[in-house]
Amino acid sequence: MSERVGVEVSEEVPPPEWGRRQPLGAVSPWIFVVVVGLLLLGRLVFAPYLTAPALQAWATIFVAICVQALPFLAFGVLLSAAITAFVPASFWTRALPKRPFLAVPVAGAAGAVLPGCECASVPVASGLMSRGVTPAAALAFLLASPAINPVVIVATVVAFPGEPMMAVARFGASLVVAVVAGWVWLRFGRADWLRIPSRPVGHGPKWRSFVEAMRHDFLHAGGFLVVGGATAATMNVVVPRAWLESVAGIPVLSVLVLALLAVILSICSEADAFVAASLTAFSPTAKLAFLVVGPMVDLKLIALQTGTFGRRFAARFIPLTFVLAVVVSMAAGEVLL
Amino acid sequence: MNRLTQSMILILLGGAVLRITTVSTTYLNYVKPGFRPFLIAAGVVVLLLGVIGLVQEWRGATAHEDDHDHSHAPGVAWLLTLPVFAIFLIAPPALGAFSAKAEEPQARPVAAAEPYDALSAGTVNEMTIGEFVGRAWGESADSLVGQQVRLTGFAVPSERKRDRWYLARIQIACCAADGVALKVAVLDADMPPENTWVEVVGTWKRPPSGKLEPGIIAPELTATSITSIPQPVEPYE
């Protein structure tokens with residue numbers, strides 16, 4: 001089963017497997033010795049030269065994104081592995097409504113319970129799918145949980161003192177986007193677009209398959225998180241924010257620009273409200289779009305989703321989510337803000 | 001990638017995270033102080049995953065019969081060594097002058113939940129740059145009149161005017177990726193070398209037009225003394 005996962009992934013990732021010609025078991029440890037050797041040697045030889053300010057700023061932001069996402073990723077992977085190993089599949093068929101049409105909003109609303117950021121929700125959603133939850137419902141959960149959980153809502157209230165409607169609009173708009181995206185996937189999505197990750201379910205003791213699932217998910221999702229972190233750090237250093245702020249006054253364009261900024265910056269959903277609040281030149285609707293898009297579509301999520309669910313899924317689901325998020329934010333901003 | 005390599009990568013990563021959180025305060029260059037327990041917990045979990053893998057590997061072939069089919073980890077996992085390389089080779093410092101240089105509209109500091117306290121006359125009031133900027137731009141600007149304040153930050157030259165420089169500090173909400181620069185223009189003092197940490201004592205200079213448009217122009221401080229200091233343990237506000 002998981003052989004399939006390994007093979008499919010290696011089709012997309014540039015280095016398929018290192019050193020195909022020899023048995024892997026013999027080669028990898030030596031590659032590892034080289035890595036450690038480079039680390040030790042590099043400290044002495046290269047470190048004095050790696051001091052360009054731009055490179056250092058890039059490295060700081062890159063490490064910051066990785067370091068900050070790590071606890072959430074570990075937590076998400078832990079939860080996901082626990083779901084796979086300890087919660088029987090029958091639990092989900094009982095907990096969620098039988099009809100997928102109803103399961104989607106229930107799963108979306110359930111996202112309010114998991115206090116994590118987007119890095120946690122991807123492995124959890126894939127764990128749910130591999131335990132038989134309707135993909136559309138798991139996707140609604142995936143989109144909703146980083147945006148509407150209590151920690152994020154409290155952060156939004158704190159970041160916008162005197163503007164409680166911002167938190168209300170964020171909660172409402174995010175939930176609507178999650179549920180509608182789930183329904184659209186249910187109606188138009190095709191099963192072969194989505195690669196449901198199969199898990200190594202060992203026949204041994206439960207804790208063993210728990211550890212196995214955790215290790216596999218962590219290595220997998222972590223690798224893609226690094227891809228996203230590196231891209232976001234590059235954008236952060238290379239694209240001057242002044243470009244973006246020059247369009248602050250133009251109505252529709254400013255909403256689109258902040259939505260794109262949310263994608264580029266890839267800020268954790270627990271922190272993005274503070275950044276949105278600091279973008280003083282923009283309209284409340286544009287800030288709302290920033291808050292709704294950020295937890296659902298950003299560079300590290302694109303990398304994580306592509307890695308977890310496959311490229312064909314990501315190429316359809318991510319644009320769908322982005323468009324829905326922008327449209328719903330505009331409507332909610334019109335009505336509520 | 002076989003199980004041994006996977007375990008090694010996990011140990012390396014967990015070790016790197018524990019290194020920057022337990023034996024040094026480097027993690028403060030990247031995240032808020034409150035994040036430490038979570039980072040330590042995550043580091044321990046990752047390290048344990050690696051150690052368990054090693055132990056299983058070492059215990060030998062009994063586990064191997066059915067393992068070959070799911071011990072494959074994708075090659076992308078190699079990328080997890082990148083942050084480790086960055087931490088050990090580049091040892092990324094706290095964001096500094098490079099990130100504060102752009103003369104873009106300044107971010108408004110996150111507003112304090114409660115109104116600022118009254119300042120005591122006759123003494124030097126220590127405050128964050130965020131509070132100073134918040135007071136100068138807000139309703140409570142009058143509270144700064146005639147008061148001596150002490151601000152801590154690093155020196156950044158102005159890109160527009162030749163003899164103008166700023167005392168700056170990065171404010172982060174969660175991690176360095178969301179950092180925004182807060183700046184105060186320092187008057188009547190020569191600029192220390194760029195990126196030097198200094199304490200500046202001075203008084204707020206009321207702008208000629210009365211009130212500043214928040215976000216557009218940095219508040220000004222007439223300096224009476226400037227002292228070089230080592231970088232604070234907590235580099236961000």
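The values are calculated or read from the model by the stated rules, or taken from the named source; none is laboratory data. For clarity, every value in this text was computed on a predicted model and none was experimentally measured. We place every Cβ from the backbone using ideal geometry, glycine too, and count neighbours over all the protein chains shown.
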State whether one or more residues within segment A:158-180 are touching an Asp or Glu at 6+ places or on another chain (Cβ under 8 Å), assigned by TED's automatic domain parsing to the domain that holds A:P100 and at pLDDT below 90.
no
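To keep it simple, each residue is scored yes or no on (1) surrounded by fewer than 18 Cβ atoms within 10 Å (Cβ to Cβ); (2) acidic (D, E); (3) not assigned by TED's automatic domain parsing to the domain that holds A:I267.
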| residue | (1), (2), (3) |
| --- | --- |
| A:F62 | no, no, no |
| A:A69 | no, no, no |
| A:L78 | no, no, no |
| A:F86 | yes, no, no |
| A:S90 | yes, no, no |
| A:T93 | yes, no, no |
| A:L96 | no, no, no |
| A:V113 | yes, no, no |
| A:E118 | no, yes, no |
Could you please tell me which pairs satisfy a Cβ distance under 6 Å, a separation of 6+ or placement on different chains, a first residue in segment A:87-114 that is farther than 11 Å from A:V179 by Cβ, and a second residue that is basic (K, R)?
A:A89/A:R131; A:W92/A:R131
Kindly indicate which of A:G42, A:G19 is more than 8 Å from chain B (Cβ to nearest Cβ), modelled with pLDDT under 80 and in contact with a helix residue (DSSP H, G or I) (Cβ under 7 Å, 6 or more places away or on another chain).
A:G19
When only residues in segment A:260-287 that are surrounded by 24 or more Cβ atoms within 10 Å (Cβ to Cβ) and away from chain B (no Cβ under 11 Å) count, which is farthest from A:I61 (Cα to Cα)?
A:A286
Subset of segment B:101-134 [in contact with a helix residue (DSSP H, G or I) (Cβ under 6 Å, 6 or more places away or on another chain) and modelled with pLDDT of 85 or more]
none
All but one of (1) outside any loop (DSSP other than H, G, I, E, B); (2) modelled with pLDDT under 80 hold for A:A232, so report the exception by its number.
(2)
Out of all the residues in segment B:178-189, is one or more under 30 Å from A:L261 (Cβ atoms) and part of a helix (DSSP H, G or I)?
yes
Unique residue being more than 10 Å from chain B (Cβ to nearest Cβ) and either buried (at least 24 other Cβ atoms within 10 Å of the Cβ) or out of contact with any strand residue (DSSP E or B) (no Cβ under 7 Å at 6 or more places or on another chain) (or both) when the list is A:V257, A:V226:
A:V257
Segment A:240-337: helices (runs of 4 or more DSSP H) wholly inside it with 2 or more residues that are free of Cβ contacts under 8 Å to residues at least 60 places away in the same chain and over 22 Å from the mean Cα position of the chain (by Cα) are A:241-245, A:251-265, A:311-336
Please go through segment B:184-193 and pick out each residue that is surrounded by fewer than 16 Cβ atoms within 10 Å (Cβ to Cβ), modelled with pLDDT of 90 or more and in contact with a Gly (Cβ under 9 Å, 6 or more places away or on another chain).
B:L187
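What do you reckon, is B:L47 in contact with a Pro (Cβ under 9 Å, 6 or more places away or on another chain) and in a helix (DSSP H, G or I)? Step through it out loud before you land on a result.
Working: in contact with a Pro (Cβ under 9 Å, 6 or more places away or on another chain): no; in a helix (DSSP H, G or I): yes.
For B:L47, the condition - in contact with a Pro (Cβ under 9 Å, 6 or more places away or on another chain) and in a helix (DSSP H, G or I) - is not met.
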Residues of segment A:143-162 being within 25 Å of A:A107 (Cβ to Cβ) and within 9 Å of chain B (Cβ to nearest Cβ), in sequence order, are A:A155
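Restricting segment A:290-337 to residues that are polar (S, T, N, Q) and surrounded by 22 or more Cβ atoms within 10 Å (Cβ to Cβ), which is nearest to A:A173 (Cα to Cα)? Write out each step before concluding.
Filtering segment A:290-337 down to residues polar (S, T, N, Q) leaves A:305-306, A:308, A:321, A:329.
Add one more test, that the residue is surrounded by 22 or more Cβ atoms within 10 Å (Cβ to Cβ), and what stays is A:305, A:308, A:321, A:329.
Working: A:Q305: 22, A:T308: 26, A:T321: 12, A:S329: 6 Å.
So the residue we want is A:S329.
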